[in-house]
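Each remark here refers to the structure printed beneath this line.
The values are calculated or read from the model by the stated rules, or taken from the named source; none is laboratory data. The model shown is predicted, which means the values in this text are computed figures rather than measured ones. Neighbour counts are summed over all protein chains in view; Cβ atoms, including those assigned to glycine, are modelled from backbone coordinates with ideal geometry. The protein model used for the area step is the full one, side chains on, heavy atoms only, and it has no ligands, DNA or RNA in it. Shrake-Rupley method; radii C 1.70, N 1.55, O 1.52, S 1.80 Å.
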Amino acid sequence: MIRALALALLLAGSALRNARAEDCLDLGLYGSVLQAHTRSVADLAGTRVDYAALRISPQWADVRKSLAMCDPAKLVTREEKLAFWINAYNVLAIDLVATHWPLASINDIGSFLFPVWTKTAGQIHGKPYTLEQVENQELRALGDPRIHAAIVCASLSCPALAREPYMAAGIDAQLDRAFARFVANREKGVALDRDAGVLRLSSIFKWFAEDFEKQGGVLAVISNYLGADDRAWLKLHVAKTKREYFPYDWRVNG
C-alpha cells in the first residue's frame, strides 16, 4: 500500500513537472503560427517565413508573451531544456527580424561593434536575453551538437526552420531528423564529391567544431547521417579528402 502510494506520488510529480515544461511556451499556438506563416520551399532556405504577416499578427504577439512568462528554472530534464531553449532561440530570432522588417539580412539589425547576436532579443521571466546567450550559455552547455541543425538565425544558409515546435517528449527524434535533413542538403549542409576528393561543409561545422569533439569530431558525427556508400568511401579516403566550406549566405529567409 505504502509502496503503491509512493509510486503514484512520484508519477504525479513527474507528470506535473512535464506539464509545466511543455506549457511554459504555448507550443500549440506556436505550432499553429508556424503552419500559417511559413512554407516549405525547394530553394536554399528550405523554409520561408512571412515576416510581414508575423509583424502584425496578434497570435505571434501571444507567442512572445508566453515565452516571456516562462521560468527556465522549472526545467529539470535534459530533454525539457533542449526543447525549450531551441524554441526560445527560434522565436527570438524570428521576432527580431519581424520587428525590424523589411530588411535584407538579420545582420542589418546590428553593427560591426554591436552585432545583432549581442543585442537584447527579448525577455524570459524578467531577464533580457541575446541570441548569443541562448546559444552559448544555455544550448551549447547541454553538450548536444545536433542543436546546430535546429536553431535558425533567419538566414538562407542556416538549417531550414522546422515548421513545428520542438517537444521534450520527442526531442531526440526531432534533432535526428533536423540533423539528417541538414546533412542531406548538398547546397549548404554537406556535399561529398568523390571524384574530386572534396568534402564541402556548412561553415557551421567550422565555427562550432569543438562541440563535436566529445563524439569523435565533426566527420564522425556527420558520417552517421550519410548514406552507406558515402560513409564507407569517406572512411577509406578521409586522410586524402580535402575539406572546403560553403560560403555563408546571410540573406534573410523571408
If R0 is 25 Å, what FRET efficiency do you get for residue 56 and residue 141 from their C-beta distance, rounded to 0.05?
0.10
Base-10 log of normalised Debye intensity for the range 140-254 (one unit scatterer per alpha-carbon) at q = 0.20, 0.21 Å⁻¹:
-1.16, -1.26
Simple SL model, points at 7 angstrom along Cα→Cβ for residue 69 and residue 119; separation in nm is 2.8 nm
Residue-averaged [θ]222 nm for the chain, counting only DSSP H segments that reach four residues, each worth -39500 (n - 2.57)
-12500 deg cm²/dmol
Where 112, 212 fall by accessible area, highest first, once all protein chains stay in place (1.4 Å)
112, 212
Just how much of residue 32 is accessible, in Å², when a 1.4 Å probe is used and the result is rounded to the nearest 10?
60 Å²
Out of 124, 175, 220, whose Cα points farthest toward the positive end of the dipole of the chain (charges: +1 Lys, Arg; -1 Asp, Glu; placed on Cβ)?
220
Difference of contour (0.36 nm per residue) and Cα-Cα distance, residue 235 to residue 213:
6.2 nm
Heads up, I need the accessible area for residue 69: 1.4 angstrom probe, whole protein in place, Å², nearest 10.
150 Å²
Kindly write out, for the range 34-51 in residue order, the coupling ³J(HN,Hα) from the Karplus curve 6.51 cos²θ - 1.76 cosθ + 1.60 (θ = phi - 60°), rounded to whole Hz, with x marking Gly and Pro.
4, 5, 6, 10, 9, 8, 6, 9, 8, 8, 4, 5, x, 9, 9, 10, 8, 5
Work from the charge dipole of the chain (Cβ charges, +1 for Lys and Arg, -1 for Asp and Glu, about the Cα centre) and give the residue of 202, 105, 61 farthest towards its positive end.
202
Potential lengthening between residue 249 and residue 181 on full extension [0.36 nm per residue; Cα-Cα distance subtracted]:
22.7 nm
Convex hull (Cα only) mean projected area of the chain, reported in nm² to one decimal
16.3 nm²
With all protein chains present, how much of the accessible area of the range 140-254 (probe radius 1.4 Å) comes from carbon and sulfur, to the nearest whole percent?
50 percent
From most to least accessible, 1.4 Å probe, no ligand or DNA/RNA atoms counted, 225, 166 line up as 225, 166
Using a 1.4 angstrom probe on the protein heavy atoms only, could you order 117, 60 from most to least accessible area?
117, 60
Would you kindly enumerate the cysteines in the chain that have no other Cys beta-carbon under 4.7 Å from their beta-carbon?
153, 158
Cross-link pairs 74/119; 119/188; 65/127; 119/214; 188/214; 188/242 - those with Cα-Cα distance over 21 Å:
74/119; 119/188; 119/214; 188/214
For the range 66-180, the dipole about the Cα centre with charges only on Cβ (Lys and Arg +1, Asp and Glu -1), to the nearest 20 debye, works out at 60 debye
If amide H atoms are built 1.01 Å from N in the plane of the peptide, which residues on other chains or at least 5 residues away come under 5 Å of the amide H of residue 47?
41, 161
Accessible surface, the chain, averaged per residue in Å² (probe 1.4 Å)
51 Å²
What's the center-to-center distance, using Cα atoms, between the range 89-121 and the range 213-245 in Å?
34 Å
Just to be sure I understand: with springs between alpha-carbon atoms less than 10 Å apart, which residue in 217, 46, 189 has the highest mean-square fluctuation in the Gaussian network model of the chain?
217
Computed on alpha carbon atoms, what radius of gyration and Dmax characterise the range 12-156, expressed in Å?
15.2, 51
Positive-end residue, the chain charge dipole about Cα centroid, Cβ charges, pick of 191, 36, 72
191
